[in-house]
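Engineer: This structure is in structure tokens; I'll ask about it shortly.
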Amino acid sequence: MAGRQEKDEPLSYKQELLRFCQTTTIRGVSRIVNSRNKGIRSLWLTFVICLYIGLFTCMILLASQYFDYDVIHPPRVLRDTPSPFPSLTLCNLRPLSPPGMKRIRQLQFRDPRDFAKNLNEFAAGLYFYRNRSHDYELVSSAISMGGYLESLPKGSSYTLGHLQNETVIQCMVLYLEGSSRIIEPCEKVGRWRHFFHALYLNCHSFDIDPSISRRVLTIELFSYLNERHDEVECHDCFASEIKSQLSGAVVVVHTASTYPDVNQEGINLQPGTLTEIKIKAIENIQKEPPYGRCTRDTPTEIPGHDNMSYAYSEYGCRMYTIQAEINENCNCNAIEFPIINNSLPFCMSMVDFVKENRCVYEKMVKQAEMRNATGPSEEFLTCEAQLNMARDRILCKALVMQEFQGDVVPTCTLPCAFYSYETDRSTSTWPTKSWQLTWLSTDVGRTILEMPEMVEYRRAVELLSQHDGDTGANKQEVLRILKQNSAVERNLLAIIVVRSNFNLHKVAEKEVFSLTSFLSQTGGLLSIWIGLTMICVVEVLELIINCVFVYKAKKNSEFNQRESPMPPTAQTKRKSPRRGSDKVRNSQKEDEIDVGYVALPTSKGIDITN
């Protein structure tokens with residue numbers, strides 16, 4: 001009877017929602033509906049609202065923590081895991097070599113300091129004294145060693161610096177071949193490449209052949225700095241740049257075949273020393289957005305003008321991108337960045353300012369006054385045109401550089417996996433005095449023994465080879481020569497790059513708060529605050545299904561009423577019997593109820609079983 005009664009009840013969304021609230025497992029909701037006292041219902045309603053406010057507050061804090069996308073870098077060590085040996089870049093801190101200075105004089109060029117002085121005077125006369133101080137500051141700020149190198153005639157810069165075969169007098173590589181250790185010259189197991197540096201001019205990078213890179217143990221390199229010490233004045237030093245006043249070399253240990261960051265990662269080495277650099281290989285694993293900046297489609301190479309591309313690195317990509325923008329917008333090359341288009345001139349190209357007796361402002365002004373000239377000379381117009389062109393390019397270059405003030409260039413992404421290297425170095429004096437003559441007698445030492453500054457050492461070697469009996473006069477003379485001369489200490493340099501073991505330090509980015517942790521903590525909060533579990537999901541699904549049934553039932557009822565319309569009289573006639581039947585049915589129910597509760601009197605004379 002109860003089932004039939006519920007089936008006859010009209011369907012409604014309110015009843016379905018009420019039934020859901022009465023039976024749901026969400027804490028407090030059923031209490032609000034089933035409580036008999038209105039005050040108790042209000043108390044439960046307030047309590048449930050407070051629970052939901054607390055839940056939403058915690059969820060907001062949890063979501064903000066998740067959407068920060070923070071990462072951690074837990075390191076781990078992989079034992080006996082070979083990794084590529086890094087590349088080595090060497091630059092002489094003295095940019096101009098003695099043969100280069102001799103060539104400058106032969107070509108009748110100004111040296112860097114004379115160039116800077118003359119250019120500053122011409123710019124002052126052309127701009128500063130004509131109330132164009134902004135143009136003067138723009139030009140004077142670009143006066144540097146890089147500006148001098150850019151102003152040299154095209155193709156002449158390389159021969160003025162230290163060449164690779166003169167700087168590196170010996171380079172050996174030690175690597176494993178099975179259980180054997182093999183030593184080979186660097187030229188047989190790798191390649192040298194050259195690039196220009198704005199301060200050091202010629203820099204030389206050595207890249208090991210990838211086929212043996214993972215088996216290399218040591219690179220041993222001897223360098224001869226060939227620095228002149230018979231000059232009173234430094235011709236390539238600048239007061240505004242302290243690094244231009246140094247002696248020695250700078251070395252960079254960087255990822256194999258990549259473009260080196262000499263300015264930031266360079267290690268300064270003192271002359272007359274042996275520097276041992278121990279490396280630790282690190283494999284970096286980066287996350288993709290939103291946690292990191294790496295992309296799977298990162299290029300593998302960066303093109304170069306000499307058909308010798310570099311391996312991709314974020315720093316190399318940044319330098320390449322800036323140079324490309326300068327090429328496109330200013331139609332020139334900047335010496336601070338790798339050359340892409342060798343056909344373009346340098347931004348500060350002013351050939352006449354490098355030549356002696358050219359573009360001297362005071363001299364041209366005096367000559368014009370002596371001739372009573374009505375206009376400037378052809379030489380003055382040429383120098384003015386070159387300086388104005390350089391000023392415009394310097395301004396254009398500065399505007400391009402402003403767009404790349406940050407270290408991150410949007411178009412240069414991080415590779416998702418790359419190697420980096422940490423270094424630990426130690427330095428000691430080399431070679432000791434008592435070993436100098438012995439070393440100069442070796443095959444490597446004889447390559448520098450013929451240098452002009454080695455005259456006294458050659459005489460010492462000859463004296464040492466002669467037999468002087470018991471007097472020891474030759475020995476005393478040799479000791480005096482070694483004591484008074486220091487050409488070896490001032491020019492020799494030894495570098496040893498060592499891989500002490502094949503351990504690989506792996507640093508992989510991991511999410512501080514992953515999606516799994518977020519969902520887990522979300523479930524914990526829902527359970528603690530309102531008791532929401534997966535069963536509640538099924539209950540909500542049941543509510544939705546019931547509401548769909550209600551919707552369909554109402555639609556069917558409306559459709560049936562539209563399809564079979566009836567006259568009002570007929571409806572009245574049909575309703576009256578229904579009312580009668582309802583009354584009869586109700587009376588029957590009442591009779592049944594009355595029969596159920598009737599009291600049958602019992603007596604001794606009546607047998608109710610019959």
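The values are calculated or read from the model by the stated rules, or taken from the named source; none is laboratory data. Bear in mind the structure is a predicted one, so any value in this text is a computation, not a measurement. Note: ideal-geometry Cβ built from the backbone for every residue, glycine included; neighbour counts use all protein chains shown.
Engineer: In the range 169-208, how many residues are farther than 30 Å from ILE335 by Cβ and acidic (Asp, Glu)?
Structural biologist: The number of residues fulfilling the criteria is 2.
Engineer: Here's another thing I want to ask about it. What are the residue pairs meeting all of these: first residue in the range 426-437, first residue of a type in the set (Lys, Arg), second residue exposed (fewer than 11 other Cβ atoms within 10 Å of the Cβ), Cβ atoms under 9 Å, and 6 or more apart or on different chains?
Structural biologist: Matching pairs, first to second residue: LYS433/LYS483.
Engineer: Going through the range 270-292 one residue at a time, which ones are more than 21 Å from the chain's Cα centre (by Cα) and over 27 Å from ASN503 (Cα atoms)?
Structural biologist: Hits for the range 270-292 are GLN270, PRO271, GLY272, THR273.
Engineer: Right, something else. Is there a residue being within 30 Å of GLU489 (Cβ to Cβ) and touching a Gly at 6+ places or on another chain (Cβ under 8 Å) anywhere in the range 244-251?
Structural biologist: yes
Engineer: Moving on to the next point. Looking only at the range 299-328, which residues are within 19 Å of PRO86 (Cβ to Cβ) and acidic (Asp, Glu)?
Structural biologist: GLU301, GLU314
Engineer: For ASN263, which of the numbered conditions (1) part of a strand (DSSP E or B); (2) free of Cβ contacts under 8 Å to residues at least 40 places away in the same chain fails to hold?
Structural biologist: Of everything listed in (1) part of a strand (DSSP E or B); (2) free of Cβ contacts under 8 Å to residues at least 40 places away in the same chain, ASN263 misses just condition (1).
Engineer: Just a yes or no: is a residue in the range 322-329 surrounded by fewer than 18 Cβ atoms within 10 Å (Cβ to Cβ) and assigned to a loop (DSSP other than H, G, I, E, B)?
Structural biologist: no
Engineer: Okay, next question. Would you say THR57 is outside any helix (DSSP H, G or I), outside the structural domain of LEU221 (by TED's automatic domain parsing) and either surrounded by fewer than 15 Cβ atoms within 10 Å (Cβ to Cβ) or touching a residue at least 24 places away in the same chain (Cβ under 8 Å) (or both)?
Structural biologist: No; evaluated as a whole, the condition is false for this residue.
Engineer: Additional query: If ARG228 satisfies every condition in (1) within 25 Å of ILE335 (Cβ to Cβ); (2) out of contact with any Cys (no Cβ under 6 Å at 6 or more places or on another chain); (3) in a strand (DSSP E or B) but one, which is the exception?
Structural biologist: (3)
Engineer: Also, I was wondering about something else. Among the residues in the range 334-343, are any closer than 26 Å to MET401 by Cβ, within 47 Å of the chain's Cα centre (by Cα), without any contact (Cβ under 8 Å) to a residue 24 or more places away in the chain and surrounded by fewer than 16 Cβ atoms within 10 Å (Cβ to Cβ)?
Structural biologist: Yes, the range 334-343 contains a residue that is closer than 26 Å to MET401 by Cβ, within 47 Å of the chain's Cα centre (by Cα), without any contact (Cβ under 8 Å) to a residue 24 or more places away in the chain and surrounded by fewer than 16 Cβ atoms within 10 Å (Cβ to Cβ).
Residue by residue, here is whether (1) touching a residue at least 12 places away in the same chain (Cβ under 8 Å); (2) more than 30 Å from LEU93 (Cα to Cα); (3) aromatic (Phe, Trp, Tyr); (4) surrounded by fewer than 17 Cβ atoms within 10 Å (Cβ to Cβ) holds:
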| residue | (1), (2), (3), (4) |
| --- | --- |
| ARG480 | no, yes, no, yes |
| ASN491 | yes, no, no, no |
| VAL498 | yes, no, no, yes |
| PHE518 | yes, yes, yes, yes |
| LEU532 | yes, yes, no, no |
| VAL548 | no, yes, no, yes |
| LYS552 | no, yes, no, yes |
| SER557 | no, yes, no, yes |
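Engineer: How many residues are of a type in the set (D, E, K, R) and either surrounded by 13 or more Cβ atoms within 10 Å (Cβ to Cβ) or part of a loop (DSSP other than H, G, I, E, B) (or both) when one looks only at the range 370-379?
Structural biologist: 1
Engineer: Among helices (runs of 4 or more DSSP H) lying entirely in the range 108-211, which contain 3 or more residues that are among the aliphatic types (A, V, I, L, M) and either buried (at least 17 other Cβ atoms within 10 Å of the Cβ) or more than 32 Å from the chain's Cα centre (by Cα) (or both)?
Structural biologist: So the answer is 112-126.
Engineer: Does ILE302 fit the bill of being of a type in the set (Val, Ile, Thr), touching a Leu at 6+ places or on another chain (Cβ under 9 Å) and on the phi < 0 side of the Ramachandran plot?
Structural biologist: Answer is no for this residue.
Engineer: Which residue is surrounded by the fewest Cβ atoms within 10 Å (Cβ to Cβ), if the candidates are limited to the range 231-251 and must be of a type in the set (S, T, N, Q) and not in a loop (DSSP other than H, G, I, E, B)?
Structural biologist: Residue satisfying both the conditions and the ranking: GLN245.
One line per residue, one yes/no per condition, for (1) touching a strand residue (DSSP E or B) at 6+ places or on another chain (Cβ under 8 Å); (2) modelled with pLDDT under 90; (3) not in a loop (DSSP other than H, G, I, E, B):
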residue	(1), (2), (3)
GLY3	no, yes, yes
LYS7	no, yes, yes
LEU17	no, yes, yes
LEU45	no, yes, yes
VAL48	no, yes, yes
LEU62	no, no, yes
SER83	yes, no, no
PRO99	no, no, yes
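Engineer: Right, next: Return the only residue of GLU231, GLU227 being free of Cβ contacts under 8 Å to residues at least 24 places away in the same chain, among the acidic types (Asp, Glu) and in the same structural domain as LEU152 (by TED's automatic domain parsing).
Structural biologist: From the options GLU231, GLU227, the qualifying one is GLU231.
Engineer: Restricting to the range 321-333, give me the number of residues that are more than 22 Å from TYR148 (Cβ to Cβ) and touching a residue at least 40 places away in the same chain (Cβ under 8 Å).
Structural biologist: 3
Engineer: Hey, another quick one. May I ask you to verify whether ALA398 is part of a helix (DSSP H, G or I), touching a Ser or Thr at 6+ places or on another chain (Cβ under 7 Å), modelled with pLDDT under 95 and surrounded by fewer than 16 Cβ atoms within 10 Å (Cβ to Cβ)?
Structural biologist: No: the conditions fail for ALA398.
Engineer: Separate question: Of the conditions (1) crowded, with 16+ Cβ neighbours inside 10 Å; (2) at pLDDT 95 or above; (3) not β-branched (Val, Ile, Thr), ASN268 satisfies every one except a single condition; which number is it?
Structural biologist: Among (1) crowded, with 16+ Cβ neighbours inside 10 Å; (2) at pLDDT 95 or above; (3) not β-branched (Val, Ile, Thr), ASN268 violates only (1).
Engineer: Please tell me if LYS243 is more than 24 Å from ARG318 (Cβ to Cβ), under 27 Å from the mean Cα position of the chain (by Cα) and of a type in the set (Lys, Arg).
Structural biologist: no
Engineer: Which residue, of GLN367, GLN436, GLN405, GLN386, is polar (S, T, N, Q) and not in a helix (DSSP H, G or I)?
Structural biologist: The conditions single out GLN405.
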